1. Only one of these conditions is not met by residue 50: (1) surrounded by 12 or more Cβ atoms within 10 Å (Cβ to Cβ); (2) in contact with a strand residue (DSSP E or B) (Cβ under 9 Å, 6 or more places away or on another chain). Which number is it?
2. I need the full set of residues from segment 1-28 which are over 23 Å from residue 142 (Cβ atoms) and assigned to a strand (DSSP E or B), in order please.
3. If residue 191 passes every condition in (1) at pLDDT 95 or above; (2) touching a strand residue (DSSP E or B) at 6+ places or on another chain (Cβ under 6 Å) but one, which one does it miss?
């Protein structure tokens, strides 16, 4: 039995693996799963750091197996072809020169062309790649947060408000969007590649009015409708995909892509933000929700950012830079005569998600008698009827973190 490290090609996680060298194939035991790789289908993908890196030739989906050089003797006996020059990526100088010349030409096309082609690439990206990118995104969410066990009722309320906006504005992704509340040490909200929306408990605690949270959710729905999330990711990982293809899947491109696919570093363009701002405010108008409170939130966030260095204060501003101009635009659409998007009781439930203490006194004052337990889904006057709200799309729950 040989010790190694295994990457599944879908996430950035590296798993400790036990490798058994059989007569015709090697077997990998990692992360509770077993994989069998036939020797004849293997190629080397060494990175020059005195390690043996193996990949599959015909079905290269990003999986990699790394072995230390002290395993070379046993592997040579089992699969001698892996130690020939061609198997290790050593080619004739003329071939290398041709590849390098083509690489520079393609590099110019990719590095310059990918940002401009982000929209069509994102819209027609194969489902397999979308799922892999979604897995990477959820792995990052799991690494910095926890899904709250006590937030089902609060999530139902937020999803009811979101569904009200989606229905009023005819958002085509109506059956894919789902909001989850997580326990994370930062006020933030962001959309994921699978059209989920994450709202942190700290953002809810920071909000002073329910329409502030609703305004943030409207902005995120707009990013999803306009496909900004996947476009931003394509702009991030385009160069990584290019290098992985050009250099034979040696792992450098994949590592670059995974490293650059960083949710905290995802930046939308100015046009993306302006489009999401305008569309989000349109959702509020169509749903009869006041845009004034989101302007209040923008102004408070701007004041906080003026007091701290941008890189030292990870908030919603890291991906959605709020400023006073944006606050003024929202203020111009304010309709203070409208009722809040959540009633007092619903807002109290949302504020208490993830064990939050916000609104605790109000909760105690408004607590119903024991014999009058609240219904499973609060029937707020501004929410869509419970039967109209969608169920979570299949597979929407966050995957368990890999140890």
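The values are calculated or read from the model by the stated rules, or taken from the named source; none is laboratory data. Being a predicted model, the structure only gives us computed values, none of them experimental. Neighbour counts run over all protein chains shown; Cβ positions are idealised from the backbone, glycine included.
1. Result: residue 50 passes all but (1).
2. Result: 2, 3, 4, 18, 19, 20, 21, 25, 26, 27, 28.
3. (1)
For (1) in the same structural domain as residue 346 (by TED's automatic domain parsing); (2) modelled with pLDDT of 95 or more; (3) out of contact with any strand residue (DSSP E or B) (no Cβ under 7 Å at 6 or more places or on another chain); (4) surrounded by 14 or more Cβ atoms within 10 Å (Cβ to Cβ), each residue gets a yes or a no:
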position	(1), (2), (3), (4)
116	no, no, yes, no
119	no, no, yes, yes
122	no, no, yes, yes
141	yes, no, no, yes
147	yes, no, no, yes
183	yes, no, no, yes
